[in-house]
1. Compute the accessible area per residue over the chain, keeping the other protein chains in place, probe 1.4 Å, unit Å².
2. Which of the trypsin sites (Lys or Arg not before Pro) found in segment 1-100 are loop residues per DSSP with 14 or fewer other Cβ atoms within 10 Å of their Cβ?
3. Can you give the Rg to Rh ratio for segment 1-118, taking only C-alpha atoms and Rh from Kirkwood?
4. Hey, what's the per residue convex hull volume over the C-alpha atoms of segment 68-181, in cubic angstrom?
5. Between Ala199 and Ser23, how high is the FRET efficiency from 1/(1 + (r/R0)^6) when r is the Cβ-Cβ distance and R₀ = 35 Å? Nearest 0.05.
6. How large is Rg/Rh for the chain, to two decimals, with Cα atoms and a Kirkwood Rh?
7. Taking the Cα centre of the chain as origin, sum charge times position over the Cβ atoms of Lys and Arg (+1) and Asp and Glu (-1), and report the length of that vector in debye to the nearest 20.
8. Please report the carbon-and-sulfur percent of the accessible area for the chain; probe 1.4 Å, protein heavy atoms only, DNA, RNA and ligands left out.
Amino acid sequence: MPRLIAPSKDESALLPPFAELPSQAIHLPQTPAEFEAAYHALMAEPVLGFDTESKPIFNVGQHNSGPHLVQLATTSQAWLLQLHHPMALELSRELMAARHICKVGFGLDNDRHTLPQKLQAELITIEDLDRRFKQRGYGASIGVRAAAALVLGCSFHKSKRTTTSNWAALQLSPAQIRYACNDAHAPAVIYAALSAWEAAQPPLASRQNSAPRKKRL
């Protein structure tokens, strides 16, 4: 079956921008009451968009103490859990081990390795959406930007400067908060629309049958 080509960065940039959450829908719990509210809201969801952020390492041999932030989102709200906070660490541990909640995201191989070490708990019911697109004939790591272009018809922008910022900071900047929120919110929105998008695609068998055949010698 021939590999499908995902929209390029330049092609994606021509699309309408991704619809971001309003600021009041982004939660950064700090107090026991805020963590209690986050626990009840998150545990009630069957699906959560998921990602993590770590302070970048620039020197060889430098210890990686991340991840430092866990992001979780529905299609209408997002929660940012700073793992230096003991209550955030415990809430993340419970959510990652919750079998009834499917945590969905892109490029989760590193998270599967580093987050269990940080939480001292197993990651259960995790779905890497890259694999859904691979099954449809795209590359192994399509990523959130190209997936948003395909499924949502929108442009998803990620700031390289914010990507490499200090995610271990006790106080995140507004740019970090927005970036982290989007990285969990986008997978939640894409997942919600993914089944309908897949149903509208040409059947895989017909694509395979329509591939050019090699001439016999």
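1. So the chain comes to 55 Å² accessible per residue, rounded to a whole number.
2. Arg3, Arg99
3. The Rg/Rh ratio comes out at 1.03.
4. Details: hull volume 14.0 nm³, N = 114.
It is 122 Å³ per residue.
5. 0.55
6. Ratio of gyration radius to Kirkwood radius for the chain: 1.02.
7. 1380
8. 55
The values are calculated or read from the model by the stated rules, or taken from the named source; none is laboratory data. The shown structure was predicted, so the numbers you read here are calculated from the model rather than taken from an experiment. Here the Cβ is made from the backbone with ideal geometry for all residues, glycine too, and neighbour counts use every protein chain on show. What goes into the accessible areas is simple: the full protein's heavy atoms, side chains included, and nothing from ligands, DNA or RNA. Shrake-Rupley method; radii C 1.70, N 1.55, O 1.52, S 1.80 Å.
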